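Inspection log for the structure reproduced underneath, given as structure tokens.
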Amino acid sequence: MSIDLVLADRSFESLEVYQTLDNLGVTYLLPKVEREPETTYIEQMDHEGQDTAVEQATVRARHGSHDCRVLFVPGRTGDTQPFITNERINDPDQAQWWVKRYAARWWIEAEYRSIKQEFLARTSSNDHTLRLYYFVFAILMYNVWRLTDVLLKVTVSRELTTAPPVLTAGELADWVAIHLQLGPG
């Protein structure tokens, strides 16, 4: 498997992490903890009336160095948030596009959480085949749930929305469990 892009959270902020990813030829984008240089730059942006900016920087770590960019973009609450990347971004519009891409990663985490909480069977087995089966079954159940939700929305309202599901994951899991317990006949 080839990994081309890493979108990680602040807990991975480290010059060594940045350099390791760059050494492996992987593009990264991570939120940056605001320290003195970022705070000063944000204050300067506020003074100049800028809401988005791209600042060139260099990462110097034990295993090498590389050029990077610090992206300063508006956050959800209106404050400026810094991100760091080794992608060659020079345009503030491009910076906002990359950060929107980063924001989409939260959907993945939220969806995985619903798979884990609602559909993944709990086991203490060390048998990796069984654990893989449970995981694949959970993903299939998740896909059935999402498909059912889409079909219900189209049938009921004739429009697809990102509104809350018509049928919750827990309701579908309960329905499947009841019907699996009935058995034939």
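Odds and ends about this structure:
- Entry remark, the range 25-51: residues being surrounded by fewer than 16 Cβ atoms within 10 Å (Cβ to Cβ) and not in a helix (DSSP H, G or I) number 8 in total.
- Taking the criterion of being more than 20 Å from Arg113 (Cβ to Cβ) and either at pLDDT 85 or above or surrounded by 13 or more Cβ atoms within 10 Å (Cβ to Cβ) (or both), the residues of the range 151-165 that qualify are Leu151, Leu152, Lys153.
- Considering residues of the range 77-120 that are among the polar types (S, T, N, Q) and within 16 Å of the chain's Cα centre (by Cα) only, the residue farthest from Ser65 (Cα to Cα): Ser114
- In the set Ala138, Ala121, only one residue is open to solvent by less than 70 Å² (accessible area, probe 1.4 Å), assigned to a loop (DSSP other than H, G, I, E, B) and in contact with a helix residue (DSSP H, G or I) (Cβ under 6 Å, 6 or more places away or on another chain); that residue is Ala121.
- Filtering the range 73-92 to residues that are without any contact (Cβ under 8 Å) to a residue 40 or more places away in the chain, over 18 Å from Asp9 (Cβ atoms) and open to solvent by 20 Å² or more (accessible area, probe 1.4 Å) leaves Pro74, Gly78, Arg88, Asn90, Asp91.
- Filter pass, Gln50 being over 22 Å from the mean Cα position of the chain (by Cα), more than 30 Å from Ala169 (Cβ to Cβ) and polar (S, T, N, Q): yes
- So Asn126, is it in a loop (DSSP other than H, G, I, E, B), out of contact with any Leu (no Cβ under 6 Å at 6 or more places or on another chain), open to solvent by 60 Å² or more (accessible area, probe 1.4 Å) and under 30 Å from Leu15 (Cβ atoms): no
- If you go through the range 46-68 and keep only what is charged (D, E, K, R) and touching a residue at least 24 places away in the same chain (Cβ under 8 Å), you end up with Asp46, Asp51, Arg60, Arg62.
- Among (1) within 30 Å of Pro164 (Cβ to Cβ); (2) in contact with a Phe, Trp or Tyr (Cβ under 6 Å, 6 or more places away or on another chain) - the single one Tyr102 does not satisfy: (2)
- Selection count where residues are surrounded by 13 or more Cβ atoms within 10 Å (Cβ to Cβ) and either among the polar types (S, T, N, Q) or closer than 16 Å to Gln94 by Cβ (or both), scope the range 52-64: 4
- Residues within the range 51-64 that are polar (S, T, N, Q) and out of contact with any Phe, Trp or Tyr (no Cβ under 8 Å at 6 or more places or on another chain), tallied: 2
- The range 3-24, subset open to solvent by 50 Å² or more (accessible area, probe 1.4 Å) and among the β-branched types (Val, Ile, Thr), residue modelled with the highest pLDDT: Thr20
The values are calculated or read from the model by the stated rules, or taken from the named source; none is laboratory data. All of these numbers come straight from a predicted model, not from anything done at the bench. All Cβ positions, glycine included, derive from the backbone under ideal geometry; neighbour counts span all protein chains shown. Note: accessible area is taken over every heavy atom of the protein model, side chains too, but ligands, DNA and RNA are not part of it. Shrake-Rupley method; radii C 1.70, N 1.55, O 1.52, S 1.80 Å.
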